[in-house]
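Right, one structure below, let's go through it.
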Amino acid sequence: MLTLKKTDRIVVLTGAGISAESGIPTFRDAMDGLWSEFEPEELATLSAFKKNPKLVLDWYEWRIKAFVDRALPNPAHQALVKWEEYFDDFTLITQNVDGLHIKAGSKNVIEFHGNIKRMKCLGHNHKFAWVRVGEEIPLCSVCHSM
């Protein structure tokens, strides 16, 4: 840590493996779950959403309820919070969409692929929290688009 302290800037990049201990399956682990029934392109792309929004929303809702809502930050997430407190210029970039870095207390986080609990409308890219009531497709409260 003392050697690292001499640097001007620390940037850490995390991916799926950091949240595995928290019960969030990695892409490969998920092969026996919903990924085994569908190709990722059928669920995790804009074209998939435009083609079948209900299927895509059902899949995201399942991921949120089955994994994200139940997951707690693990020691790796907590360690990065300590690093952020220790280093003057610290940035955390994550490929994960689970929000566990923020839940752990990290503040300077770039969620590269977004956050599973936040949506952007197709009309004007307005951001809004994931709220789904029954089978309804959430609409943007500003422009009323999907």
Look through Ala71, Ala76 and report the one residue that is farther than 19 Å from Lys117 by Cβ, modelled with pLDDT of 95 or more and in contact with a helix residue (DSSP H, G or I) (Cβ under 7 Å, 6 or more places away or on another chain). Ala76
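Per-residue answers, yes or no, for (1) at positive phi; (2) touching a strand residue (DSSP E or B) at 6+ places or on another chain (Cβ under 7 Å); (3) at pLDDT 95 or above:
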residue	(1), (2), (3)
His101	no, yes, yes
His113	no, no, no
Lys117	no, yes, no
Phe128	no, yes, no
Val131	no, no, no
Glu135	no, no, no
Cys143	no, no, no
With respect to Gly23, determine if the residue is at pLDDT 85 or above and more than 13 Å from the chain's Cα centre (by Cα). yes
How do the helices (runs of 4 or more DSSP H) wholly within the range 16-119 filter down when requiring 1 or more residues that are farther than 22 Å from Pro138 by Cα and free of Cβ contacts under 8 Å to residues at least 60 places away in the same chain: which remain? 17-20, 75-86, 100-104
Exception for Ser106 within (1) closer than 30 Å to Gly134 by Cα; (2) surrounded by 15 or more Cβ atoms within 10 Å (Cβ to Cβ) falls at (1)
Out of Ala30, Ala16, Ala48, Ala66, sole residue that is at pLDDT below 90, surrounded by 11 or more Cβ atoms within 10 Å (Cβ to Cβ) and closer than 24 Å to Ala129 by Cα: Ala16
Going residue by residue through the range 125-145, is there one that turns out to be among the aliphatic types (A, V, I, L, M) and under 18 Å from Gly17 (Cα atoms)? no
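Would it be correct to say that Val133 is surrounded by 14 or more Cβ atoms within 10 Å (Cβ to Cβ) and either under 15 Å from the mean Cα position of the chain (by Cα) or outside any strand (DSSP E or B) (or both)? Talk me through it step by step, then tell me what you get.
Numbers: surrounded by 14 or more Cβ atoms within 10 Å (Cβ to Cβ): no; either under 15 Å from the mean Cα position of the chain (by Cα) or outside any strand (DSSP E or B) (or both): yes.
No, not satisfied.
The values are calculated or read from the model by the stated rules, or taken from the named source; none is laboratory data. Not measured: the values here are computed from a predicted model. So basically every Cβ, Gly included, is an ideal-geometry build from the backbone, and we count neighbours across all protein chains shown.
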